[in-house]
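The values are calculated or read from the model by the stated rules, or taken from the named source; none is laboratory data. Since this is a predicted model, take the numbers as computed values, not measurements. When we count neighbours, we look across all protein chains shown, and the Cβ atoms used for this are built from the backbone with ideal geometry, even at glycine. Ligands, DNA and RNA are excluded from the accessible area calculation, which covers all protein heavy atoms including side chains. Shrake-Rupley method; radii C 1.70, N 1.55, O 1.52, S 1.80 Å.
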Amino acid sequence: MAQKQGGGGFFSSLASSLSNFKNQVNFLLGYEGLEVINPEGGTEDAEVEAQKGRWKQEDRDSHWKMMQKYVGADITSMVTLPVLIFEPMSMLQKMAELMEYSYLLKLADECEDPYLRLVYAASWFISNYYALQRTWKPFNPILGETYEMVNHEGITFISEQVCHHPPISAAHAENEHFVYDITSKVKTKFLGNSLDVYPLGRTRLKLKKDGVILELVPPPTKVNNLIFGRTWVDSPGDMVLTNLTTGDKVVLYFQPCGWFGAGRYEVDGYVYNAAEEPKILMTGKWNTSMSYQPCDLDGEPLPGTDLKEVWRVAEAPANDKFQYTHFAHKVNSFDTAPTNLLASDSRLRSDRYALEKGDLSKAGSEKSVYIYEYNEKYSKHRDALGDAHMNDVTDITKIEFNPWQYGNVAEAE
């Protein structure tokens, strides 16, 4: 019988053993024990790799002095980071990049084969990892910040920062073929020169034609060489996409990066029916393309069938400073903004805009300092309401909490 889980088996075990090629920084005073990993090399070149990356020596020293006390901790919202490692995009905008290959959801919605439908949907989720490999950090959204995107495949996309601590973002996207909802929350573990990221949120996708509901459990992510060396991202582990309507599922194993890049980016697995019998094998690389082929109960390709490509990454601009795709530029532009853009939209952030224009000094000051002065508008609005809004309230403890009930006070005046 075929392997029933994405992990395990000879090749994944081999890749796992090859991934343990860590080396430590023991040649610089004050940095002993920090791991430096060159994804393209072996264990002997950690010293050379450690001198690479975007950090200047003085920046690296000051940042490490600030960060070393957090080793082993969840630093999701504890640390102010230098703007030199940021990209001019909010996390709310980055969440919208998944919409680039939404044509796959049109194919999934229109597909009559329940297993091929899962191939399309799983490939859509995998396509987002190409954007996630960018090593520039997006800006953390401010509580109440929003992002809205229109003018792409008939999709309406809206995201909002709904909680400050812990940071939680929510997003909704919809067109004639699908409804997508995500609550994004992560837990992190800072390890000195790397960061483990564990997704704790929930992702659901509804295909409208048959009302199929899919739920995603993504693999964890590891960000390597945060301070020493060139920063790079790996996501070793299983991605599981389950059809909650039928019990069918996709289990795909993201291979860990091994010596000299062995296994890096590779994804392999199967589409299973509700009885956990393999129906379709899937293989590819999350930064390049994915393919599929019908298989037998042992997971072997069916005779007379061919491996077919289902998704391939679009050509990206050459030498782009932030490794943006054409779609990422589209997400960041006002071309995809609604005509009645909300003042809370990420595009309007002064720190983001300053970084986009190359002004790191202004971007850093705008990111770090938010000073608010009381403008008396709350008192005026409160007095204008008087007691009329309380006429039908007999017990104020029963009032339902609603921090947005007053709308935009500035527009009302």
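A 1.4 Å probe, protein heavy atoms only, puts the accessible area of L84 near 40 Å².
Name the shape class, rounded, prolate or oblate, that the alpha-carbon gyration tensor gives for region 297-349, where a ≥ b ≥ c are the square roots of its eigenvalues, rounded holds for a/c under 1.5, and otherwise prolate holds if a/b is larger than b/c and oblate otherwise. Prolate is the answer for region 297-349, as a/c is 1.5 or above and a/b outweighs b/c. Phi-derived couplings, Karplus 6.51 cos²θ - 1.76 cosθ + 1.60 at θ = phi - 60°, listed residue by residue for region 226-240: 5, 10, 9, x, 7, 5, 8, 10, 9, 9, x, x, 8, 10, 10 Hz, with x used for Gly and Pro.
Shown is the FRET efficiency for Y374 and N151, computed with R0 = 51 Å from the Cβ-Cβ distance and rounded to the nearest 0.05: 0.85. Model label sites at C163 and D74, defined 7 Å from Cα along the beta-carbon direction, differ in position by 0.9 nm.
For K279, a cut-off of 17 angstrom between C-alpha atoms picks up these lysines, skipping any fewer than 8 places away in its own chain: K4, K249, K308. Using the Cβ-Cβ distance between L341 and L307 with R0 = 45 Å, the FRET efficiency computed as 1/(1 + (r/R0)^6) comes to roughly 0.50.
Which of rounded, prolate, oblate describes region 143-279, given a ≥ b ≥ c as roots of the alpha-carbon gyration tensor eigenvalues and a/c under 1.5 marking rounded, otherwise prolate only if a/b is larger than b/c? Could you put the intermediate results ahead of the total?
Details: a/c = 2.10, a/b = 1.16, b/c = 1.81.
Oblate shape, in that a/c is at least 1.5 and b/c is the bigger or equal ratio.
Bridging of K357 to lysines at a Cα separation below 20 Å is possible for K94, K137, K321, K330, K367, once same-chain residues fewer than 8 apart are set aside.
The shape of region 200-347 comes out oblate: with a ≥ b ≥ c from the C-alpha gyration tensor, a/c is at least 1.5 while a/b does not beat b/c.
Taking each residue as 0.36 nm, the span from V179 to K209 lengthens on full extension beyond its C-alpha to C-alpha distance by 9.7 nm. The length gained by stretching the chain between V217 and D320 to full extension, at 0.36 nm per residue less their Cα-Cα distance, is 33.9 nm.
Placing dummy labels 7 Å off each Cα toward the beta-carbon, the span from L297 to S350 is 6.8 nm. Summary value for region 66-173: 27 percent relative contact order, contacts being C-alpha pairs under 8 angstrom separated by 6+ residues. Note: relative contact order over region 276-335, using C-alpha pairs below 8 Å and six or more positions apart, is 24 percent.
Rounded to the nearest whole Hz, the Karplus-based 3J(HN,Hα) values (6.51 cos²θ - 1.76 cosθ + 1.60, θ = phi - 60°) of region 212-220 follow the sequence 5, 10, 10, 10, 10, 10, x, x, x, with x at glycine and proline. How many percent of the accessible area of region 103-256 is carbon or sulfur, using a 1.4 Å probe? The value for region 103-256 is 55 percent carbon and sulfur by accessible area. Using only side-chain charges placed at the Cβ, +1 for Lys and Arg and -1 for Asp and Glu, the dipole size of region 159-283 relative to its Cα centre rounds to 360 debye.
The alpha carbon radius of gyration of region 114-191, expressed as a multiple of 2.2 N^0.38 Å, is 1.29.
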